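**Student:** Handing you this structure, nothing more for now.
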Amino acid sequence: MPQNFSSQTLIGVNFSGQNLTDANFSLATLDTVNFTSTNLTRANFFKATIKGTNFLNANLTNASLNEVDLSGEPDGIFNNLTNANLTGADLLSAKLKGVNFTGAKLIDADLQGADLEGARLINLDATNANFSQTNFTDIVIGGNVIFDLANLSGIGITDTAPAIDPGTGQPIPTTLSFRGANLAGASIEDVNFSNADFRPFDAVRNGSLVVKATDLTGLSFPDSNFSGSQFGGAILNNVKAEDLNLTGVNFGSYTASNGQVLKTQLNNANFADSDLVGANLTQVVAENIFLEGADLTNAVMIGADLSGANFKEAILAGANLTGGVQLDNAFLEIANLTGANLTGANLTDGNLKGSNLTGADLDNTNLTRANLEIANLNNASLINADLDNAFIQKSNLDGANFTGASLVGADIKEGAGDNLTNFTNANLTGASLEVGSFIGANFTNANLSNTNLIKADFTDATLIGANLTGAVVVDTIGLTLGDSGNNTINGTTGNDNIFGFDGNDILTGAAGNDYLDGGNGADNLNGGDGNDYLLGGNGNDTLTGEAGADTLVGGAGADNLNGGGGADKLTGGAGNDIMNGGAGNDSFIFASGFGSDRINAFADGADKIDLTAFATSFGALTVAQSTTNPANTIISGSVFGTDTITLATFTATNVDATDFIF
């Protein structure tokens, strides 16, 4: 029969090692009682007042300690529950101030509303315990402490202290586990929970596999240290955390033992001014996350959804935002993205005003309608990026690489690039480069149709093969455009870019390294002094390089190319062309479909016939005297089809392998 001590006062009683299963101590007063190794299974301590009592190794499985007072107050004589087994115990609203729970088991215990102020939680196992609305003020934590599956919703934890090893005087290393726990609405302030584990619970419990995400929804944990902690697969929506140390934290997705993938959720989370250096946010779902002023140096955010995120003044230097990161509508104003990798990211409508993207990798990135005003894109790589309708006014584009990028309708007014800025093959249709400085920039084969180039500076810029149809040039420096009529345009002593467009144009470069593009019509192009590039375009054109090492490309039509002095490169293009190398060691370049061309004054051993543009391998070339004009040498071959190269007034026996570049 169960023993009954209800309402009794027990002082100094020794129950050590006894079996007190189902004993009744309700409303009793216990002072310095010894329950060492006592079996107190299902014992009833309802509203008992206990001080100075020893429960070392006691078995309190399923015991009722509802509203028990174990605080030892007012005398401050604390109780010892070291290694006590409180599995399934009822500690609802219990006063546990200062209690020593070293090595205790609180598995499945109910501690709702309990007061744990100053308690010692060392090597504690509280799996699936209920701590809802419990006070954890000034607790001492150390060793392996387990709160897996525990209900900690709405709790308050402040000012924790590390447990000290009495032998060494040093803090006891702490391992905290909250796997699958419920911390929704909890408040954790000014604590050190470094290296804590908040991943999903993923283990067999009561014979069945349990996979449950840790719920930290609405958690408030400012001014705390969670460095090195594991949050993979946790739910952190609406958490509030300022000045938080999250260095090296792992927010990456979690793959459970059954193959289930749980992505970490950080929607609307507030991590302002937090330290996230080297943090792993791979595949997190973090829409509208607030990271203003946060340090994410070298953070990894591969495949993350950061739509609407606020990174104002945040540091993302060296961060990895690849794998299709979603940053649409993100706010990155004045952010530091130096050396960050945003390859393939989606920054549609993103605000990067004043941000530093020095050396950043934005290849294939979607920046449609993004705001990059006053941004620093120094040496940034934006190869094949989508910047349609982006706002890039007053930005630093020095060394930026926009090769193949789409900048349709982009506003680059007052942007500034340099001789390393590269727009090769970029599409700038309808863009505005008004008042921009692009001195020495490369626009080879760029589409600049219908662009606004008013007062822009293209001094020394490369515009070979660029499409400037419909471009507006008023007071533009280093660039002159003709119209559909027969234009006569003379260059300056500088490096000119002159486009004739339609009509039979006369374009003269004069001094400097000039680019002359005749466009349609029978044009006459004269490079003058300098190393010039002359492109005839459609029509029967006459190209004269004159002095310097010039490049002459006839284009379609029967063209007449005259290199002049210097080591020139002459390409006839389609049509039956006449090429005169002139003085210097010249190269005559041929590609498939070149027509039947004539080379005058070919210098054996000095001039070269360049055939490297042919994709197929060569069979034997036939070199023979012309049957119609023996003064000429005809070069033909199966790879040429019906096309031939004629060397005027030249003996076939003088042609050998040294004259060809294959």
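**Student:** Would you tally the net charge around A549, using a Cβ to Cβ cut-off of less than 10 Å, leaving A549 out, and scoring K and R as +1, D and E as -1? Present the calculation step by step, with values, prior to reporting the outcome.
**Tutor:** Values: positive: K569; negative: D532, D550, D568, D586.
That works out to -3.
**Student:** Mind sorting out which of (1) -0.26, -1.07; (2) -0.31, -1.10; (3) -0.45, -0.92 is the real log10 I(q)/I(0) by the Debye sum over Cα atoms at q = 0.05, 0.10 Å⁻¹ computed from the coordinates?
**Tutor:** So the structure-derived entry is (3).
**Student:** Rounded to the nearest 20 Debye, what is the dipole magnitude of the chain about its Cα centre when Lys and Arg each give +1 and Asp and Glu each give -1 at the C-beta?
**Tutor:** Numbers: 22 positive and 70 negative charges, 623 e Å.
Using only the charged Cβ atoms, the result is roughly 3000 debye.
**Student:** Among T322, L291, N206, flag the residue with its Cα farthest along the positive direction of the charge dipole of region 184-329, charges on Cβ as +1 for Lys/Arg and -1 for Asp/Glu.
**Tutor:** N206
**Student:** So, one more: Normalising by the residue count of region 382-470, find the relative contact order in percent from Cα pairs under 8 Å and 6+ residues apart. Write out the running numbers ahead of the final one.
**Tutor:** Details: 307 pairs, mean separation 20.4, N = 89.
The value is 23 percent.
**Student:** I would also like to ask the following. Select from L86, Q8, Q170 the residue farthest towards the positive end of the dipole of the chain; place +1 on Cβ of Lys and Arg, -1 on Cβ of Asp and Glu, and compute about the Cα centre.
**Tutor:** Checking the options against the dipole of the chain, the answer is Q8.
**Student:** How high is the relative contact order of the chain? Use alpha-carbon pairs under 8 Å, at least six apart in sequence, and give a whole percent.
**Tutor:** Numbers: 2556 pairs, mean separation 21.6, N = 662.
Rounded, it is 3 percent for the chain.
**Student:** Averaged per residue, what accessible area in Å² does the chain show with a 1.4 Å probe, protein chains only? Walk me through the numbers before you get to the answer.
**Tutor:** Details: 24430 Å² over 662 residues.
Result: 37 Å² per residue.
**Student:** So, one more: Mean separation of Cα pairs under 8 Å and 6+ residues apart, divided by the residue count of region 45-132: what relative contact order is that in percent? Don't skip to the end; give the middle numbers.
**Tutor:** Values: 281 pairs, mean separation 21.7, N = 88.
RCO, region 45-132: 25 percent.
**Student:** Still on this structure, please answer the following. Would you work out the charge dipole size for region 329-422 about its Cα centre, treating the Cβ of every Lys and Arg as +1 and the Cβ of every Asp and Glu as -1, and quote it to the nearest 20 debye? Mind showing how you got there, number by number?
**Tutor:** Numbers: 4 positive and 11 negative charges, 19 e Å.
Magnitude of the dipole: close to 100 debye.
**Student:** Here's another thing I want to ask about it. Once you put a point 7 Å from the Cα of S592 and another 7 Å from the Cα of N629, both along the Cβ direction, what distance in nm separates them?
**Tutor:** According to this spin-label approximation, the distance is 2.9 nm.
**Student:** Beyond 17 Å, what share of the Cα-Cα pairs of region 197-272 is found? Please give it as a whole percent.
**Tutor:** In whole percent, the long-distance tail amounts to 46.
**Student:** How much length would be gained if the chain were fully extended between V13 and D243, taking 0.36 nm per residue of separation minus their Cα-Cα distance, in nm to one decimal? Display every interim value, and only then the final one.
**Tutor:** Details: separation 230, 0.36 × 230 = 82.80 nm, distance 5.17 nm.
Here the segment from V13 to D243 would lengthen by 77.6 nm.
**Student:** On a C-alpha basis, how far is the centre of region 202-262 from the centre of region 373-417 in Å? Whole number, if you could?
**Tutor:** For region 202-262 versus region 373-417, the Cα centre distance is 39 Å.
**Student:** Could you check how much of the accessible area of region 543-662 is carbon and sulfur, as a whole percent, using a 1.4 Å probe? Intermediate results must be reported in sequence, preceding the final value.
**Tutor:** On the way: 2760 of 4970 Å².
Taking all protein chains in place, region 543-662 shows 56 percent carbon and sulfur surface.
**Student:** Can you give the extra length, in nm with one decimal, that the chain gains between A613 and L420 once fully stretched, where that is 0.36 nm per residue apart less the Cα-Cα distance? If you can, show how the numbers build up before the last one.
**Tutor:** Details: separation 193, 0.36 × 193 = 69.48 nm, distance 2.73 nm.
Once the chain is fully extended between A613 and L420, it gains 66.7 nm.
**Student:** Taking the Cα centre of region 336-486 as the origin, how large is its charge dipole in debye, to the nearest 20, when only Lys and Arg (+1) and Asp and Glu (-1) carry charge on their Cβ atoms?
**Tutor:** Numbers: 5 positive and 15 negative charges, 24 e Å.
The calculation lands at about 120 debye.
**Student:** Here are some pairs, K394/K455; K240/K312; K569/K608; K212/K263; K105/K212; K51/K95; which of them have Cα atoms lying more than 19 Å apart in this structure? Walk me through the numbers on the way to the answer.
**Tutor:** Details: K394/K455 14 Å; K240/K312 17 Å; K569/K608 10 Å; K212/K263 12 Å; K105/K212 22 Å; K51/K95 11 Å.
Table pairs above 19 Å Cα-Cα are K105/K212.
**Student:** Also: Positive end of the dipole of the chain, charges at C-beta (+1 Lys, Arg; -1 Asp, Glu), about the Cα centre: which of N128, G494, N346 has its Cα farthest in that direction?
**Tutor:** Of the options given, the answer is N128.
**Student:** Could you let me know the centre-to-centre spacing of region 280-324 and region 132-199, using Cα atoms, in angstrom?
**Tutor:** Rounded to whole Å, the Cα centres lie 27 Å apart.
The values are calculated or read from the model by the stated rules, or taken from the named source; none is laboratory data. As the structure is a computational prediction, the values presented were derived from the model and not from experiment. Don't worry about glycine lacking a Cβ; one is built from the backbone with ideal geometry, like all the others, and counts go over all protein chains shown. Side chains are part of the model used for accessible areas, which takes the heavy atoms of the whole protein and leaves out ligands, DNA and RNA. Shrake-Rupley method; radii C 1.70, N 1.55, O 1.52, S 1.80 Å.
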